[in-house]
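Asker: Quick one: this structure, given as structure tokens, is what I'll be asking you about.
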Amino acid sequence: MVKIKLPRVEWSPVELASRLSKRGVVYNFASGSPDPSLIPITEVKEAAEDVLTEYGSSALSYPGAGGLRELRVETSRYLREYLGIDADWRSIVITSGAQHAIKLLTQLLIKRGVRVYVEDPTFYETLAPFRFQGAKVIGVPISNEGMLTGELVKMIKEGDVVYTIPNCHNPTGVCMSEGGRREFIKVVEERGFLIIEDDPYTVLSLKAPRPLRAMHSGVIYVGTFSKVIGPGLRVGFIAAPNWLRGHLERLEQHDFATSTLTQLIVYTLLKNNVVGKVLDKARKVYDEKLKILINALDKYMPNSLQFTPTCGFYALVRLSVNAEKLLRAASKAGLTYVPARKFFINGNPSDVARLSIGAIKAEKIEEGVRLLASLIKGMN
């Protein structure tokens, strides 16, 4: 029997916590899924029926490299209308969610030893593919005004890559300041490094600034419809600079990962303005839920917030006890969250957790934080 030494692939803390949240948990602070009440179930069902009626068996055929033209055109319009991003439809590559987009980009752009700069902390699910490709991941400190671009400037060189979540950051909830954005773009133009902007949440907020891609056409922009109409559809996209688009299309044909049927469903939802109606509701709902979370933390867990979140789904909190050990007790009490130790590049804080307001009901947030505080007290 031939034995092959396989590369080490670790379980994501998000995946492990999500498994717990499927067991009848009442206070789900772990999930990054959107609020179930906002998912347009009826409209998705109607769109699926319309697609199958109009397109017939071709809706179940292979999708073709780069995605369906009609969806790319509608995505281009969506970017222009809701995010101020001017991207020709030909520059749009449809992917199976944002995570597939990141995976494609790492396969194309990252070779062993390439330096990739990220916020410290950052989203673990994107750290994993960078490291799998052999990148040297370097953490840049982050504050309530986002990545400290002054620190980045001291380190970065031509040919390096920056992966950033400048708006509604995961896991801190902060946004890069306007001054930081201007400095960031200036350094890009001077030193010629690559920027990958991951942006699932800006469109869900009225408070978030415009994306970096709206300021500079050279930014590689990753977006998704997962947080708007449901992650199970698995439809995301990349707005790529011209020099990269063809390479992405050819690489995407290796797996044809994005379903023709779901692409047509999302196209129909965009065309019929279902997405716009969802956004009108969602922005108010998530803003209110984040306020409830922050107020509850101030009330029951004062000084636990590590940053001041302004938008998105997340807050990073210090529990003062081991987050992974506490999770076992918390899940038995009907509460889950994501231990955030692996989100950090430098340091290894064992008592930090990411709390999400995505899937949990608004009326359960304060009650859940009160329960979490009591569980922490019981461990101290």
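Asker: Send over the per residue convex hull volume for the stretch 80-234, Cα only, as a whole number of Å³.
Answerer: Measuring per residue, one finds 109 Å³ for the Cα hull of the stretch 80-234.
Asker: At 10 °C and a viscosity of 1.306 mPa s, what translational diffusion coefficient does Stokes-Einstein give for the stretch 25-150, taking Rh as the Kirkwood radius over Cα pairs? Give it in µm²/s as a whole number.
Answerer: 86
Asker: Normalise the Debye intensity by I(0) for the stretch 200-293, one equal point scatterer per Cα, no solvent, then take log10 at q = 0.13, 0.19, 0.20, 0.22 Å⁻¹ and round to two decimals.
Answerer: Scattering profile of the stretch 200-293, log10 relative to I(0): -0.57, -1.08, -1.15, -1.24.
Asker: So which lysines can Lys45 reach, going by Cα to Cα under 28 Å and dropping same-chain residues fewer than 8 places off?
Answerer: Hits, sequence-local ones excluded: Lys22, Lys227, Lys271, Lys277, Lys281, Lys284, Lys289, Lys361.
Asker: Here is a further query. Given a 1.4 Å probe and every protein chain left where it sits, what share in percent of the accessible area of the stretch 120-178 is carbon and sulfur?
Answerer: 50
Asker: Between rounded, prolate and oblate, where does the stretch 117-199 land on the alpha carbon gyration tensor, with a ≥ b ≥ c its root eigenvalues, rounded for a/c under 1.5, else prolate if a/b exceeds b/c?
Answerer: Oblate.
Asker: Can you give me the accessible area per residue for the stretch 50-94, using a 1.4 Å probe, in Å²?
Answerer: For the stretch 50-94, the per-residue accessible area is 51 Å².
Asker: For the stretch 222-380, build the charge dipole from Cβ charges (+1 Lys, Arg; -1 Asp, Glu) around the Cα centre, then report which of Leu319, Leu270, Gly358 sits farthest towards its positive end.
Answerer: The Cα lying farthest towards the positive end belongs to Leu319.
Asker: I've got another one for you. Suppose a student asked you for the relative contact order of the chain, using Cα pairs under 8 Å spaced at least 6 residues apart; what percent would you report?
Answerer: Worked out over the chain, it gives 26 percent.
Asker: Can you work out the FRET efficiency for the pair Lys284 and Ile4, with r the C-beta to C-beta distance and R0 = 51 Å, to the nearest 0.05?
Answerer: After rounding to 0.05, the efficiency reads 0.45.
Asker: Right, next: Just from its helices, what would the mean residue ellipticity at 222 nm be for the chain, if runs of 4 or more DSSP H residues each count -39500 (n - 2.57) and the sum is divided by every residue, rounded to the nearest 500 deg cm²/dmol?
Answerer: Computed ellipticity for the chain at 222 nm equals -13500 deg cm²/dmol.
Asker: So for the stretch 322-380, considering every pair of alpha-carbon atoms, how many percent are separated by more than 17 Å?
Answerer: So the pairs more than 17 Å apart make up 39 percent of the total in the stretch 322-380.
Asker: Please express the shape of the stretch 278-380 as an equivalent ellipsoid: the semi-axes are the square roots of 5 times the eigenvalues of the C-alpha gyration tensor, given largest first in whole angstrom.
Answerer: Those come to 23, 16, 12 Å.
Asker: Ok, one more. May I have the extent of the alpha carbons of the chain along their three principal axes, as whole Å values ordered from largest to smallest?
Answerer: So the extents along the principal axes, rounded to whole Å, are 59, 58, 51.
Asker: Another one. To check you understand DSSP bridge types, tell me what percent of the beta bridges within the stretch 104-169 (both residues inside) are antiparallel, rounded to 5.
Answerer: So the antiparallel bridges amount to about 20 percent of the total.
Asker: What is the magnitude of the charge dipole of the chain about its Cα centre, with +1 placed on the Cβ of each Lys and Arg, -1 on the Cβ of each Asp and Glu, and no other charges, expressed in debye to the nearest 20?
Answerer: Here the chain has a charge dipole of around 1120 debye.
Asker: To check you understand DSSP bridge types, tell me what percent of the beta bridges within the chain (both residues inside) are antiparallel, rounded to 5.
Answerer: That works out to approximately 50 percent antiparallel.
Asker: Would you list the membrane-span-like helices of the chain, meaning whole DSSP H runs whose alpha-carbon atoms span at least 24 Å along their axis and whose mean Kyte-Doolittle value is at least -0.5?
Answerer: The answer, listed by residue number, is 274-300, 362-379.
The values are calculated or read from the model by the stated rules, or taken from the named source; none is laboratory data. Bear in mind that the values here come from a model prediction, so they are computed numbers and not experimental data. Backbone-built Cβ (ideal geometry, glycine too); neighbour counts: all protein chains shown. SASA here: full protein model, heavy atoms, side chains in, ligands and nucleic acids out. Shrake-Rupley method; radii C 1.70, N 1.55, O 1.52, S 1.80 Å.
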